[in-house]
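Taking it in order: structure first as structure tokens, then the write-up.
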Amino acid sequence: MTQDYIRQLAKKFLDGTATEEEKKQLHAWYDSQDANSDMTPDEIQPEVVKVPVGESGETIRNRMLDNLKALQNRDEPVLKYHWVRRFTFWSSAAAAVVIAGFLFLKNTHKTQSSALQLVQAPLGKTLDIKLPDGSHIWLNAGSTLTYPKSFSGKTREVVLREGQAFFDIVHDKTKPFIVHAKALNITVLGTSFDVKAYRNDPDIKVTVKTGKVGVTLRDKPEHPAVMLLPAEQAVVAPEQAVKIQVNEISKPAIAPWKDNRMVFEDELLPEIFHALERKYKQHIVVEKPDLLTEKISLTLHDQPLADVLKVLGFSKKFNYSQLNDSTIVVR
């Protein structure tokens, strides 16, 4: 076949007018020339295809065809550069596929990320959230939660990134509800329970009000779940999350905060101070080390912070002073 005939076949192939026989001839010519190419590897410079974000597959195909047309119309002899043309065509196609795949994954990840809802309860306030399945979550002050716009998979999963939340979950035996909270995974089918996982508290606590709750350690998936019944509480130290301790607790002490009450049963004084900080938007500095190991039981409603501190100070023998608008020092 002459060079002019090869050019004609290439033009017809690009124009889409080549017959099946002509296509076979062109492909056979390419195959026969691969072993006879006088191009060295150093002379081969494949083109780089840059695909702008959002470009369609049709646009990519047209550009690749334009590249091939430009090569076909060059003044250099076809025989000398046929290997470069073929290499460039397939390099361009491969690059387009790789880049298109990357953009697809990137856009998919962006879509999934944008489908997540982030909710933050400011200090001094609680929030009531309704989930896509009809379940309710009460988020305590200073807490952060993420959840999807819709539960499309085999499970319903949310993440309590920080703080405390009370969950009232709609029953669905075919789609378990899972809460990820620091070192714990909490799984239910439909029940109500409280999860407390503040960063500055020593323990993570899961307390069941109704139904049954399964608690597992995130880093110990091989361990069986600890099953909690109503009025039972799981306690885990996040720094040493190797064992789940189960305690009994009275029902009045289960999530009273969502009704603007605070109930503490044999709680460490530092945890009570932290709860007061979140409720009253104050920073409490303890300068009396002996208080850090003290425990107390008490019930608070909506009393002013000054009255609460007076009662605690009388009971635990400490004084306090208001250092500025947002800081209280306990001595």
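The values are calculated or read from the model by the stated rules, or taken from the named source; none is laboratory data. Just so it is clear, the model here is predicted, and its values are computed rather than measured. Note: ideal-geometry Cβ built from the backbone for every residue, glycine included; neighbour counts use all protein chains shown. Protein only, heavy atoms only, side chains kept; ligands, DNA and RNA dropped before computing areas. Shrake-Rupley method; radii C 1.70, N 1.55, O 1.52, S 1.80 Å.
Within the range 213-243, which residues are open to solvent by 30 Å² or more (accessible area, probe 1.4 Å), touching a residue at least 24 places away in the same chain (Cβ under 8 Å) and assigned to a loop (DSSP other than H, G, I, E, B)?
Passing the criteria: 218, 219, 225, 237, 242.
I'd like to know if the range 260-279 contains one or more residues that are part of a helix (DSSP H, G or I), open to solvent by 80 Å² or more (accessible area, probe 1.4 Å) and at pLDDT 90 or above.
no
Just one of 286, 206, 242 is of a type in the set (Val, Ile, Thr), modelled with pLDDT of 90 or more and closer than 19 Å to residue 181 by Cα; which is it?
Result: 206 is the single residue among 286, 206, 242 that is of a type in the set (Val, Ile, Thr), modelled with pLDDT of 90 or more and closer than 19 Å to residue 181 by Cα.
Counting residues that are in contact with an Asp or Glu (Cβ under 8 Å, 6 or more places away or on another chain), which strands (runs of 3 or more DSSP E) fully inside the range 112-207 reach at least 1?
Hits in the range 112-207: 136-139, 143-148, 156-168, 177-181, 192-197.
For residue 306, work out the one condition from (1) closer than 28 Å to residue 144 by Cβ; (2) assigned to a helix (DSSP H, G or I); (3) of a type outside the set (Val, Ile, Thr) it doesn't fulfil.
Failing condition for residue 306: (1).
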